[in-house]
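Dropping the structure in here first, questions after.
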Amino acid sequence: MSGRAGRCKVLLTQGAEQDLESIHDSIAEFDSVANANHLLDRLMEVVDGLARSPERGSYPKELVALGIKEYRQTAFKPYRVVYRVLGSRVVIYLIVDGRRDMQSVLARRLLGA
């Protein structure tokens, strides 16, 4: 897939959209709305950047340990953006603070455990 011309279409699942809302709401409540807006803008830059180079992300080590290499991740600060490349689409499944228990978050959201 490397060498693909053009841009991929980036789609956020409902879960990823809820993740962004939760991150924004938490920072707005405990810090400031301005900082929450700034972080949201930066996370969206990361998401939008996947349209140009979706293969740049690494495989989440928690999933590789289970033999799963369907998902990739990229990061901004402590936040991890977990996605899949499906043809000319990039589907964002999860945007989460990487300091959380990622094994259980990934299992619950991606593997239905």
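Return only the number of the condition from (1) more than 19 Å from His24 (Cβ to Cβ); (2) modelled with pLDDT of 95 or more that Ile92 does not satisfy.
Condition not satisfied by Ile92: (1).
Another question, then. Could we say that Leu11 is modelled with pLDDT of 95 or more and either farther than 20 Å from Gly87 by Cα or of a type in the set (A, V, I, L, M, F, W, C) (or both) here?
It is true that Leu11 is modelled with pLDDT of 95 or more and either farther than 20 Å from Gly87 by Cα or of a type in the set (A, V, I, L, M, F, W, C) (or both).
Report, by residue number, each residue of the stretch 32-60 that is farther than 13 Å from Thr74 by Cα and in contact with a Leu (Cβ under 9 Å, 6 or more places away or on another chain).
Leu40
Is at least one residue of the stretch 35-57 small (Gly, Ala, Ser) and over 26 Å from Leu111 (Cα atoms)?
So far as the stretch 35-57 goes, yes, one or more of its residues are small (Gly, Ala, Ser) and over 26 Å from Leu111 (Cα atoms).
Still on this structure: Just checking, which of Ala36, Ala65, Ala51 is open to solvent by less than 40 Å² (accessible area, probe 1.4 Å) and more than 15 Å from the chain's Cα centre (by Cα)?
Values: Ala65 fails: open to solvent by less than 40 Å² (accessible area, probe 1.4 Å); Ala51 fails: more than 15 Å from the chain's Cα centre (by Cα).
Going through Ala36, Ala65, Ala51 in turn, the sole match is Ala36.
Return yes or no: is Arg56 crowded, with 16+ Cβ neighbours inside 10 Å and of a type outside the set (Ser, Thr, Tyr)?
Spelling it out, it is not the case that Arg56 is crowded, with 16+ Cβ neighbours inside 10 Å and of a type outside the set (Ser, Thr, Tyr).
I've got another one for you. Would you please name the residue that is nearest to Tyr79 (Cα to Cα), looking only at residues in the stretch 90-107 that are assigned to a strand (DSSP E or B) and open to solvent by 20 Å² or more (accessible area, probe 1.4 Å)?
Among those that are assigned to a strand (DSSP E or B) and open to solvent by 20 Å² or more (accessible area, probe 1.4 Å), it is Asp97.
Among the numbered criteria (1) of a type outside the set (Val, Ile, Thr); (2) open to solvent by less than 60 Å² (accessible area, probe 1.4 Å); (3) farther than 18 Å from Arg109 by Cβ, which one does Lys77 miss?
With respect to (1) of a type outside the set (Val, Ile, Thr); (2) open to solvent by less than 60 Å² (accessible area, probe 1.4 Å); (3) farther than 18 Å from Arg109 by Cβ, Lys77 is out only on (2).
How about the stretch 19-33: which of its residues are without any contact (Cβ under 8 Å) to a residue 12 or more places away in the chain and either under 18 Å from the mean Cα position of the chain (by Cα) or surrounded by 13 or more Cβ atoms within 10 Å (Cβ to Cβ) (or both)?
Within the stretch 19-33, Glu21, Ser22, Asp25, Ser26, Ala28 qualify.
The values are calculated or read from the model by the stated rules, or taken from the named source; none is laboratory data. Given the structure is predicted, the values throughout are model-derived calculations rather than measurements. Quick reminder, even Gly has a Cβ in these numbers, built from the backbone with ideal geometry, and neighbours come from all protein chains shown. The accessibility values were calculated without ligands, DNA or RNA, using every heavy atom of the protein model including side chains. Shrake-Rupley method; radii C 1.70, N 1.55, O 1.52, S 1.80 Å.
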